[in-house]
Amino acid sequence: MNLMPKIWLMSGVVTFCYWFPNLVQAQVVPDSTTPTTKITGDCLVQCDITGGVRADSNLFHSFREFNIGIGESLYFVDPGVANIFSRVTGNNSSEILGNLGVTGNANLWLINPQGIIFGNGATLDVNGSFVATTAEEIAFGDRGFFSANPDSQENLPLLTVNPSAFFYRQMGQNEPITIEGASLAVPDRENIVLLGAQNSESIPGVSLQGATISASQGNIQIGAIAADGIIKIDPDFQLEFSEDIARGDITVAQGSVIESSGMGGGSINIRGGELNVSGNSQIRSRTLGDTDGEDISITANTLNINGGLISSSSSGAGKSSNIIINTEILNVSGYGADSFQNLIRRGVTGNLSVEENEVSGIITLANNTGAAGNINVESDNIVFTDGAFLGNAIYSKGQGGDIDITATQNIELIRSGVLSLSALNSVGNTGNVTINAQKLIVQDGSLISTSTLGQGEGGDITIEAEESIELLRTPASSILPTSIFTNSVSPNSGDDTSPNSGNAGNLNLSTKTLIIQDGSQISSASGLLIGEGEVLPSGGAGGDIKIHADESVTISGSSENGIFPSSILSSTGINSNKPAGNITIDTSRFFFEGQALISASSVGEGNGGDIEINADEFMQINGSNETLPALIAESSSGVGIPNIDLTLVRGALLAITAVGEGGKIKLTTPILNLDKSSLISTISFGSGNGGNIEIEASQKVEVSNDVIISTATLSSGDAGDVNIDTNQLIANNNSIITTFSSGLGKAGDMTINADKINLESGGSLNATTQSGEEGNIDLTIADSLKLGDRASITTNAGNQGSGGNIKIDTGFLIAFPSSSITATANNGQGGNIDIKAQELFVASPNQIDASSDSGIDGRVNIERFNNNLRNNLTKLPDKTLERSNQIVSRCGAGDELAQNSFVYTGKGALPPSPLDGNFYSDEFLVDWGTETSEFELHQVHQSPNTEIVEATGWIVSDRGNVVLTSEKPSQILLPQYWDTCPFGNDK
């Protein structure tokens with residue numbers, strides 16, 4: 001056997017190990033700048049690094065290569081210092097695949113500008129904090145630098161103070177920090193700092209792939225730089241980026257976790273250019289004890305969350321961490337539309353329990369008595385899509401955190417949600433939601449909501465969008481409509497006794513243009529009782545809805561499946577004795593179209609809410625009710641509005657009540673147009689009184705094509721009144737303005753003040769009661785009342801009710817054939833009809849009737865009157881004009897000329913001569929008798945009087961007569977004058 005090759009091989013190995021022992025052991029090679037640095041031991045068990053250069057509480061090591069292999073352990077021996085600094089001066093990155101630790105309590109700093117890689121299986125075993133950076137230098141105040149490019153002037157013993165900054169001087173050579181499958185953790189209340197550099201667009205400055213970074217109750221700082229610059233660090237290991245420094249990208253992917261949790265959650269600060277969180281990755285803080293968690297703070301040019309989660313939670317009495325995000329662009333996408341709808345389906349049954357990998361977005365939670373943290377987001381543009389969430393939830397006695405979102409440009413939600421919630425049986429209040437943006441778009445089933453499912457109060461929603469707020473499209477697959485809403489519900493205990501639910505929060509929206517279309521909704525509801533697979537009414541008060549839109553409000557259409565109308569709703573439940581919230585809308589132009597709905601209702605003991613709409617320019621309300629034409633036909637026959645399923649009603653403004661008092665509907669605008677089967681109604685279903693309808697339109701109210709304006713009671717409560725004040729009221733094509741009672745309650749009164757009222761083609765004013773007290777109609781019309789074909793003014797009483805009274809005070813009343821004015825009753829007494837008019841024109845066939853089928857007929861009284869002429873007479877003055885300037889120095893007219901004269905005598909005769917006598921003495925005055933102020937008026941039938949008008953000018957006719965005129969003529973023809981008399985004085 002030839003043994004020579006084996007002998008030579010073994011000899012070579014021994015020789016290699018003798019001269020390069022450090023290269024074999026974990027590939028850690030010291031350089032000559034810290035000559036006392038030594039590596040001892042077996043790295044497969046544990047290598048120790050000793051020696052170095054000490055400067056007071058700081059210890060420095062320097063290496064040409066620094067790598068740890070798989071399964072190896074490398075420890076820095078702590079001689080009792082505060083910080084151990086290790087730099088790499090060679091040209092290769094550091095790859096850590098094993099365990100890196102410190103034997104004592106010192107903080108460990110690792111510096112390699114060529115890059116640092118923590119691979120699968122890499123771990124930390126330190127008792128202090130850990131810092132990894134690819135900076136070239138660390139500054140120590142004004143004492144000097146610890147540089148990866150040392151020079152001969154370096155004096156390490158002078159660096160006795162804490163480090164103050166990281167210097168990047170030669171970007172393009174600095175490399176990133178990559179953590180792939182590693183788990184880096186520090187003990188409680190310690191810190192982890194990762195600061196990398198990005199020199200390529202495709203490679204981020206810091207990258208986490210399936211990695212875990214953990215600092216229980218401590219501080220995690222992650223940053224990336226993309227250009228030369230200085231990053232400061234303070235004694236608490238907080239990084240400080242200047243505003244003008246270029247930040248590098250950071251990636252958190254493949255299920256990576258950045259976590260600072262424990263008995264009082266710690267803080268997480270991330271500073272980067274583009275931060276990407278994806279693949280079920282999480283940035284989270286969990287507070288376990290009584291101490292409040294510290295903030296999660298993210299500053300980036302762009303934050304992309306795609307199937308990832310940024311969250312904080314509290315399981316004790318401490319408050320969970322606040323989440324603060326400052327970015328130019330925020331994009332959050334979830335796990336798809338189906339996942340989003342599944343979460344909503346569980347939520348409406350009260351189940352707010354979700355797994356972390358089911359939610360993508362930004363959330364804070366409170367699971368015990370602690371409060372949920374606040375969420376503060378500032379960005380230029382924000383987009384949430386495909387099941388993304390931003391919100392908070394409480395599950396017990398804790399309080400919900402506030403959500404504050406500000407975008408200098410747009411916020412868009414697509415199949416996503418911004419939610420502040422409290423779970424079933426919780427008693428804490430939900431937080432408020434505040435949104436500020438240029439434009440807010442909520443679409444495709446997205447939600448913005450504060451909802452309490454327990455006894456706590458619901459939070460308020462405040463939205464200010466300078467340009468527009470747009471709620472668009474409710475898909476057929478949506479469990480809930482696209483909506484902005486506050487809500488309060490209670491659990492179903494299975495009996496009649498259930499915990500009181502809290503009050504729903506208020507909604508305040510301010511913008512230039514508000515659009516609600518295709519089944520979208522703004523609502524505030526309180527008192528829903530959630531049971532097994534069912535939702536029943538219960539509980540507290542509804543919140544107020546206030547909308548201010550400088551230019552316009554448009555509400556139109558319904559959802560794809562027709563289930564959800566575009567709507568603004570306020571309601572309380574059946575077991576609630578609290579009122580529904582009010583709805584107030586202020587705008588310039590109000591458009592209400594299609595199958596839209598505005599409703600304020602109370603189906604319990606609470607009062608219904610008011611609906612008040614103010615439009616500075618005009619209101620256009622166009623309905624789309626297939627049911628209403630049939631209702632109008634039935635009402636026109638004297639039956640009124642029957643019991644109908646109001647869930648089928650569209651194109652309507654409704655104020656509904658049961659036991660409590662109904663809210664009013666008030667519309668204020670110059671021009672109100674109602675068209676196409678629209679409905680405005682206040683309704684009482686029980687013992688509560690219905691609300692009033694008040695309309696103030698300075699120019700015109702026009703209702704056309706099967707429109708109903710109605711106050712109604714269907715039980716023992718009284719219907720509300722209808723009050724209209726306008727210049728012109730037009731009702732045509734079977735449109736009805738009515739007050740109605742189908743039960744024992746009183747029909748409401750109708751009062752209309754207008755200059756003109758025109759009822760055409762079946763238009764009618766109607767007050768109807770079945771058994772209750774009658775409703776009256778009072779019309780005060782300055783100019784004229786016109787009743788066209790099939791037009792009617794009617795009070796009607798069925799059963800034992802008495803017919804209401806009709807009072808009309810107008811200038812002219814014109815009734816065309818087939819029109820009617822009736823105050824009738826079946827068994828009760830007919831109502832009275834009183835008409836006062838200057839002129840009355842009634843064309844046959846026509847009807848003015850105040851009869852009763854079985855009871856006493858009512859009275860019809862018609863009074864016509866003329867203008868009082870005395871008011872148009874002008875009293876002449878006692879004194880005539882001054883005579884001295886009234887005599888013209890002209891010759892007398894000759895016989896040959898046409899002679900004309902104009903005589904103004906005043907109250908008496910002329911003196912003998914213009915120059916003789918006292919013209920103003922009593923001797924020339926004629927006694928016309930004593931003036932009396934009493935005139936006997938006789939009612940006569942005559943054509944309209946010609947108005948007496950005072951003369952303001954005069955002309956001379958071709959025959960020489962002076963004619964007085966009411967307008968100053970453009971030219972006055974006068975007789976010819978001569979300067980000298982053409983005739984002899986003897987003439």
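Just so it is clear, none of the values below were taken in a lab; they were calculated from the coordinates. All of these numbers come straight from a predicted model, not from anything done at the bench. All Cβ positions, even for glycine, are placed from backbone atoms using ideal geometry, and neighbour counts span all protein chains on display.
Observations on the structure shown:
- Sum of side-chain charges, residue 366 neighbourhood, beta-carbon under 10 Å (Lys, Arg +1; Asp, Glu -1): +2
- Of the peptides 446-456, 836-846, the order by per-residue mean of other Cβ atoms within 10 Å, starting with the highest, comes out as 446-456, 836-846.
- Listed peptides 41-47, 718-724 by packing density, highest first (mean Cβ within 10 Å): 718-724, 41-47
- Highest-first arrangement of 616-622, 434-440, where packing means the average Cβ count within 10 Å: 434-440, 616-622
- Listed residue pairs exceeding 32 Å between alpha carbons, taken from 397/666; 439/666; 512/746; 546/807: 397/666; 512/746; 546/807
- Distance (nanometres) between label positions extended 7 Å along Cα→Cβ at residue 164 and residue 755: 8.1 nm
- The overall shape of segment 27-259 is rounded: from the C-alpha gyration tensor, with semi-axes ordered a ≥ b ≥ c, the ratio a/c is less than 1.5.
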